[in-house]
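These notes concern the structure reproduced below.
The values are calculated or read from the model by the stated rules, or taken from the named source; none is laboratory data. Predicted model, so just to flag it, every value in this text is computed and none were measured. Glycine gets a Cβ as well: all are built from the backbone with ideal geometry, and neighbour counts include every protein chain shown. Each accessible area value is taken on the protein alone, full model and side chains, heavy atoms only, with ligands, DNA and RNA left out. Shrake-Rupley method; radii C 1.70, N 1.55, O 1.52, S 1.80 Å.
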Amino acid sequence: MKRLILAVSLVCLSFSPVLAAGPPAPTCEGLDLLSTLSGLHSTPELSVTRRGGRVVVTDIVRSRELFTADCLGVHPPALLPFERPGRDRAARSLVQKDRDGAVLYTVSATARGATIWTFAAGAFAERGLHVASFDDDDLTVTDDEGALVFQRQTSDVGALIEREGRAYGCGCERTVAPDGRVAVRPL
């Protein structure tokens with residue numbers, strides 16, 4: 001019995017670095033959300049970590065993960081800084097200010113599965129950033145001036161549509177039909 005426990009313990013220890021690293025990054029094709037977000041920079045209050053095909057944005061002061069981005073989308077943390085509102089309730093928001101009292105970011109959540117982050121223009125995102133992520137994996141990223149940074153959505157017929165703004169990438173739309181056909185056109 002002791003040998004069995006020792007053997008199981010050794011096997012678990014041998015896998016622990018693999019498990020700690022998290023799941024492998026998804027294999028992606030198409031427009032590159034991560035390169036589109038390459039303009040984000042760490043500040044004394046916000047950390048931008050790039051590793052393993054992911055970008056993680058963290059509020060350093062409050063030890064709070066804000067979101068993770070990979071080529072498939074932008075994902076909120078398992079626990080938001082507040083409870084998501086119940087059905088037929090108004091969105092809930094948190095306005096986080098910096099040490100000088102200026103708005104650093106706002107995070108909001110709706111009962112229907114949307115999570116929205118808004119960052120003021122500054123050192124973190126030169127032109128500001130507005131990220132809207134939905135529980136059906138659709139997402140829209142714009143800057144403070146409303147210019148398209150990146151968008152991904154699935155149409156009613158099942159086509160994947162990605163758009164990248166001209167100021168941030170190709171200025172094009174890429175559509176992948178349910179049968180796998182790919183079409184690219186300028187915006």
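Classify the range 58-187 as rounded, prolate or oblate from the Cα gyration tensor: take a ≥ b ≥ c as the square roots of its eigenvalues, call it rounded if a/c is under 1.5, otherwise prolate when a/b beats b/c and oblate if not. It comes out oblate by the Cα gyration axes. What does the net charge come to around G73 if you take all other residues with beta carbon closer than 12 Å to its beta carbon, with K and R at +1 and D and E at -1? Surrounding charge for G73 is -4. Within the shell defined by Cβ-Cβ distances under 11 Å, the residues around E164 carry a net charge of +1, with Lys and Arg each +1 and Asp and Glu each -1. Less than 5 angstrom separates the built amide H of F67 from those of V57, all sequence-distant by 5 or more or on a different chain. To put it simply, the accessible area of the range 110-187 at a 1.4 Å probe is 51 percent carbon and sulfur. Listed values for the range 75-87 are Karplus-derived 3J(HN,Hα) couplings in whole Hz (6.51 cos²θ - 1.76 cosθ + 1.60, θ = phi - 60°), namely 10, x, x, 4, 10, 6, x, 7, 7, 4, x, x, 3, and x replaces Gly and Pro.
The trypsin sites (Lys or Arg not before Pro) found in the range 146-184 that occupy coil by DSSP, while having at most 15 further C-beta atoms within 10 Å, are R166, R181. Charge tally for R89 (other residues, Cβ to Cβ under 11 Å; Lys, Arg +1; Asp, Glu -1): +2. Per-residue Karplus couplings for the range 122-127, computed as 6.51 cos²θ - 1.76 cosθ + 1.60 with θ equal to phi - 60°, are listed in order as x, 5, 5, 9, 3, 9 Hz, Gly and Pro entered as x. Between the range 162-176 and the range 101-158, how many Å separate their Cα centres? After rounding, the separation between the Cα centres reads 16 Å. Whole-Hz Karplus values for the range 92-105 come out as 10, 9, 10, 9, 9, 9, 7, 4, 8, x, 7, 5, 8, 7 Hz, taken residue by residue from phi with 6.51 cos²θ - 1.76 cosθ + 1.60 and θ = phi - 60°; glycine and proline positions read x.
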